[in-house]
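To start, the structure itself, in structure tokens.
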Amino acid sequence: MNDTPMDGAITRTSDRGLNQELAYAGVPSFMRRRYTKDLQGVDIAFTGIPFDHSTMNRPGARYGPRAVREQSALLAWGAAYRWDFSPFEICNVVDYGDCGFDHGKLDEIPQRIEAHTAGILKQGAAALT
């Protein structure tokens with residue numbers, strides 16, 4: 001039987017502590033945190049804004065949230081550099097997913113982003129994007 005933790009984004013039972021998983025496998029989430037829309041008791045909710053219509057010469061910025069999730073897996077297992085504590089031991093941190101919007105309706109996007117973020121703040125969590 002394999003006891004290597006996998007897919008903590010969907011199988012974690014605690015929002016605190018470190019989670020050591022293979023960086024190249026499993027469901028990517030910010031710092032290997034749990035995916036959830038339920039923010040009861042959550043201190044910080046990571047959320048992505050996959051948008052690049054306003055960038056020039058930088059197409060692909062919309063893939064930024066996914067890239068942050070994938071690369072943060074390399075850091076999720078260890079203590080923060082030069083800190084004598086782990087923020088994940090004192091804060092409940094989750095991955096809330098991305099803000100959804102229709103790229104064909106540019107006039108609605110700012111309001112969608114504001115409403116998405118307000119929904120996080122209304123539940124008492126800080127938004128990190």
Can you tell me which residues in the stretch 94-126 are within 26 Å of D7 (Cβ to Cβ), assigned to a loop (DSSP other than H, G, I, E, B) and out of contact with any Asp or Glu (no Cβ under 9 Å at 6 or more places or on another chain)?
C99, G100
Scanning the stretch 1-37 residue by residue, the ones that are crowded, with 19+ Cβ neighbours inside 10 Å, part of a loop (DSSP other than H, G, I, E, B) and in contact with a Leu (Cβ under 7 Å, 6 or more places away or on another chain) total 0
The stretch 88-124: number of residues that are closer than 22 Å to G60 by Cβ, surrounded by fewer than 16 Cβ atoms within 10 Å (Cβ to Cβ) and either basic (K, R) or in contact with a strand residue (DSSP E or B) (Cβ under 8 Å, 6 or more places away or on another chain) (or both):
1
Scanning the stretch 38-67 residue by residue, those touching a residue at least 12 places away in the same chain (Cβ under 8 Å), assigned to a loop (DSSP other than H, G, I, E, B) and within 24 Å of E89 (Cβ to Cβ) turn out to be L39, Q40, G41, V42, D43
The conditions are (1) at pLDDT below 90; (2) in contact with an Asp or Glu (Cβ under 8 Å, 6 or more places away or on another chain); (3) not basic (K, R), and C91 fails exactly one of them. Which is it?
(1)
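The values are calculated or read from the model by the stated rules, or taken from the named source; none is laboratory data. The structure displayed is predicted, hence computed values, not measured ones. Every residue, glycine as well, gets a Cβ built from its backbone with ideal geometry; the counts of neighbours run over all protein chains shown.
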